[in-house]
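Peer 1: Below you'll find the structure I mean.
Computed from the coordinates by the stated procedures, all read-outs in this text should not be read as laboratory data. Just so we're clear, the structure is a prediction, and the values are computed from it rather than from any experiment. Note: ideal-geometry Cβ built from the backbone for every residue, glycine included; neighbour counts use all protein chains shown.
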Amino acid sequence: MRFGPFEIMILLAIFFLLFGAERLPKLARAAGQSKGEFQKGLNEVTSIPSTSNTEADLENDGKTEAVDIAQKAEAAGIDPSGKTTEEVKEEIKASEE
């Protein structure tokens, strides 16, 4: 079933009556943002995973670099919470020296 120009005009008039002219742009913007977020999530799910990250994780016994560094920090007696990976690396180097 195709909508002609007359049917679209009637639908727009009904939307204006129900929601008012002020809320329609906000609704359209929210619908557009929702569509964008949905597409972004769909692309993340359907994209081909990076083999370089997977191979690096397998070489680290299935751990990411951040997890590996956090475990090294805890073994060295450093609390890694609330710090970036680079900060933790620097603290590990400082404690080894």
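Peer 1: Would you mind calculating the gained length between Gln33 and Lys72 on full extension (0.36 nm times residue separation, minus the Cα-Cα distance), in nm to one decimal?
Peer 2: So the extension gain works out to 9.9 nm.
Peer 1: Return one number: the angle in degrees, 0 to 90 and rounded to the nearest 10, between the long axis of the Cα atoms of helix 23-46 and the longest principal axis of the Cα atoms of the chain.
Peer 2: Approximately 40 degrees, to the nearest ten.
Peer 1: Counting other Cβ atoms within 10 Å of each Cβ, which chymotrypsin sites (Phe, Trp or Tyr not before Pro) in the stretch 8-97 have at most 16 and sit in a DSSP loop?
Peer 2: Those that pass, being in a loop and sparsely packed, number zero.
Peer 1: Work out, in µm²/s and without decimals, the Stokes-Einstein translational diffusion coefficient of the stretch 51-96 at 25 °C, 0.890 mPa s, Rh from Kirkwood over C-alpha pairs.
Peer 2: 223
Peer 1: Can I ask one more? Using a Cα-Cα cut-off of under 15 Å, which aspartates and glutamates could be cross-linked to Lys93, ignoring same-chain neighbours fewer than 8 residues away?
Peer 2: Asp68, Glu74, Asp79
Peer 1: With labels modelled as points extended 7 Å from the Cα through the Cβ direction, what inter-label distance (nm, one decimal) is found for Glu65 paired with Asp79?
Peer 2: 2.6
Peer 1: OK, next. Under the definition of Cα pairs under 8 Å and six or more residues apart, what whole-number percent is the relative contact order of the stretch 51-96?
Peer 2: Reported as a whole number, the value is 28 percent.
Peer 1: Let me ask another. Can you pull the Kirkwood radius for the stretch 5-46, inverse mean 1/r over Cα pairs, to one decimal in Å?
Peer 2: In the stretch 5-46 this quantity evaluates to 12.0 Å.
Peer 1: In whole Hz, with x marking every Gly and Pro, tabulate ³J(HN,Hα) for the stretch 81-97 from phi via Karplus 6.51 cos²θ - 1.76 cosθ + 1.60, θ = phi - 60°.
Peer 2: 5, x, 10, 6, 4, 5, 5, 5, 4, 4, 5, 5, 4, 5, 6, 6, 7
Peer 1: Obtain the nm distance between the two label points defined at Phe15 and Phe3 by a simple spin-label model: each point lies 7 Å from its Cα along the Cα-to-C-beta direction.
Peer 2: 0.7
Peer 1: For labels at Glu90 and Thr46 in the simple 7 Å Cα→Cβ model, what's the distance in nm?
Peer 2: In this crude spin-label approximation the distance works out to 4.3 nm.
Peer 1: Rounded to the nearest angstrom and ordered from largest down, what semi-axes does the equivalent ellipsoid of the chain get from its C-alpha gyration tensor (root of 5λ)?
Peer 2: Three semi-axes, in Å: 55, 19, 8.
Peer 1: At a 10 angstrom cut-off on C-beta neighbours, averaged per residue, how do the peptides 41-48, 84-91, 6-13 rank from highest to lowest?
Peer 2: Listed from highest to lowest mean packing, they are 84-91, 6-13, 41-48.
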